Amino acid sequence: MSHESVWNSRPRTYGKGSRSCRVCKHTAGLIRKYDLNLCRQCFREKAKDIGFNKVCEHELPTVPPPARALSPETRLDRAEHEN
């Protein structure tokens, strides 16, 4: 048996070798979440078309924690201010 006949002779049905980017067929840096199956380079190119947008954490509106996460004293203070 020569090397050519043995190399990749069995089918790849699981593992990293079985998955590739649906655009460029690259196997490294694959984003599989939401069944995207895009490499990271193709994802950056196509992200706007797909509907992803970059969100900066410091630009998000701040939301106060829920009342059950606060201490009892803070809950009482908050209740007094609301009335």
**Request:** Mind counting the residues in segment 17-47 that are part of a loop (DSSP other than H, G, I, E, B) and not hydroxyl-bearing (Ser, Thr, Tyr)?
**Result:** 12
**Item:** Any pair with Cβ under 7 angstrom, 6 or more apart, that starts in segment 7-29 at a residue that is over 26 Å from residue 44 (Cβ atoms) and ends at one that is modelled with pLDDT of 90 or more and loosely packed, with under 10 Cβ neighbours inside 10 Å
**Value:** none
**Asked** Within segment 1-56, can you find the residues that are over 19 Å from the mean Cα position of the chain (by Cα) and surrounded by 10 or more Cβ atoms within 10 Å (Cβ to Cβ)?
**Response** 12, 17, 18, 24
**Prompt:** Hey, any hits in segment 7-20 for a residue that's under 22 Å from residue 51 (Cβ atoms) and among the hydrophobic types (A, V, I, L, M, F, W, C)?
**Reply:** no
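The values are calculated or read from the model by the stated rules, or taken from the named source; none is laboratory data. All figures in this text were calculated on a predicted structure; none of them were measured in a lab. When we count neighbours, we look across all protein chains shown, and the Cβ atoms used for this are built from the backbone with ideal geometry, even at glycine.
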